[in-house]
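Working notes for the structure below.
The values are calculated or read from the model by the stated rules, or taken from the named source; none is laboratory data. Keep in mind that this is a model prediction, so the values were computed, not measured. Positions of Cβ are generated from backbone atoms using ideal geometry, with glycine treated the same way; all protein chains shown enter the neighbour counts. With ligands, DNA and RNA removed, areas are computed over all heavy atoms of the protein, side chains included. Shrake-Rupley method; radii C 1.70, N 1.55, O 1.52, S 1.80 Å.
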Protein chains: 2
Amino acid sequence: MTRKKVKLCYIANDSTRKVTFKKRKKDLLKKVSELSILCGIDACAIVYSPYNNQPDVWPSHHEVQRIVSQFQRMPEMEQSSWMVDQDRFLRQRIVKSNDQLIKQRKDSREK
Amino acid sequence: MTRKKVKLCYIANDSTRKVTFKKRKKDLLKKVSELSILCGIDACAIVYSPYNNQPDVWPSHHEVQRIVSQFQRMPEMEQSSWMVDQDRFLRQRIVKSNDQLIKQRKDSREK
DNA sequence: TTTTCTATTTATAATGT
DNA sequence: TACATTATAAATAGAAA
């Protein structure tokens, strides 16, 4: 993208790929942060890599958990708006169950 | 950032904020995609907004589910390596519980 | 309102140390 | 190997349509 318009495909060279990863990951997380602040919205990113056992995330691990569970409460089917009014009872059970999990994790941390 | 070095804080004006959101969200998801392709890694992003009921995500909803469940199986406490060997039973219960939730959702979809 | 334009800032690939 | 520099590509804020 500079000195040469890079082709968007897997970087074969190990050290080049690592350097690119580190730089782009940093800038990506910065962008997530900026979007969230500028627009006052919830956003998160999770980036796995062979260089860390743990993924790099934005914002904190804890906040990602919150946003992710919000995401998981809205099953894929709702997107296409089939079953929207059906199955309400079951979805409520899922939400409740998720809340319990979150509480469980919280308790576990505090222990 | 151009014509003026914008201050990194909540954009008060509604229409400006919406325009900025749409542009930056598009570019953010593009960046996630590029990082993933260039470096051959798993990454995902979830962006909520008041403009859509559903969050904007990258990659597909289904892939985000996969990455997110990978994330959730690695509790926060493991990061700081306190309680790593403690509390194993409880964590297993959480994982199991989570698996049940996923199965529940799957069943719900298939119903 | 939303889209297009563009001056300027930001990101970044290659190179240097 | 990792960090600093720099020339160029990409993103973008504000204005104009």
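Quick one: Debye curve from the C-alpha atoms of the stretch B:10-73, no solvent, what's log10 I(q)/I(0) at q = 0.21, 0.24, 0.29 Å⁻¹?
After summing over all Cα pairs, the log10 values are -0.89, -1.03, -1.24.
Could you sort out which of A:K7/B:K7; A:K18/B:K22; A:K4/B:K18; A:K7/B:K25; A:K26/B:K23 sit more than 27 Å apart by Cα distance in this structure?
As for pairs spanning more than 27 Å Cα to Cα, those are A:K7/B:K7; A:K18/B:K22; A:K4/B:K18.
Over what distance in Å are the Cα centres of the stretch B:1-79 and the stretch A:1-37 separated?
15 Å
Order of A:37-49, A:15-27 by packing, highest average Cβ count within 10 Å first?
Packing proxy ranking, top to bottom: A:37-49, A:15-27.
Applying 1/(1 + (r/R0)^6) with R0 = 35 Å to the Cβ-Cβ distance of A:K18 and A:S60, what FRET efficiency is obtained, to the nearest 0.05?
Efficiency computed from Cβ-Cβ geometry: 0.90.
Would you mind telling me the share, in percent, of accessible area of the stretch B:10-73 contributed by carbon and sulfur at probe 1.4 angstrom?
The computed percentage sits at 50.
Sort shortest first the distances from A:K5 to its counterpart in every other copy, using label points 7 Å along the Cα-to-beta-carbon line, and give them in nm.
3.0
Tell me, in nm to one decimal, what length is gained between B:K4 and B:D27 on full extension, where the rule is 0.36 nm per residue of separation less the Cα-Cα distance?
This chain segment gains 6.3 nm when fully extended.
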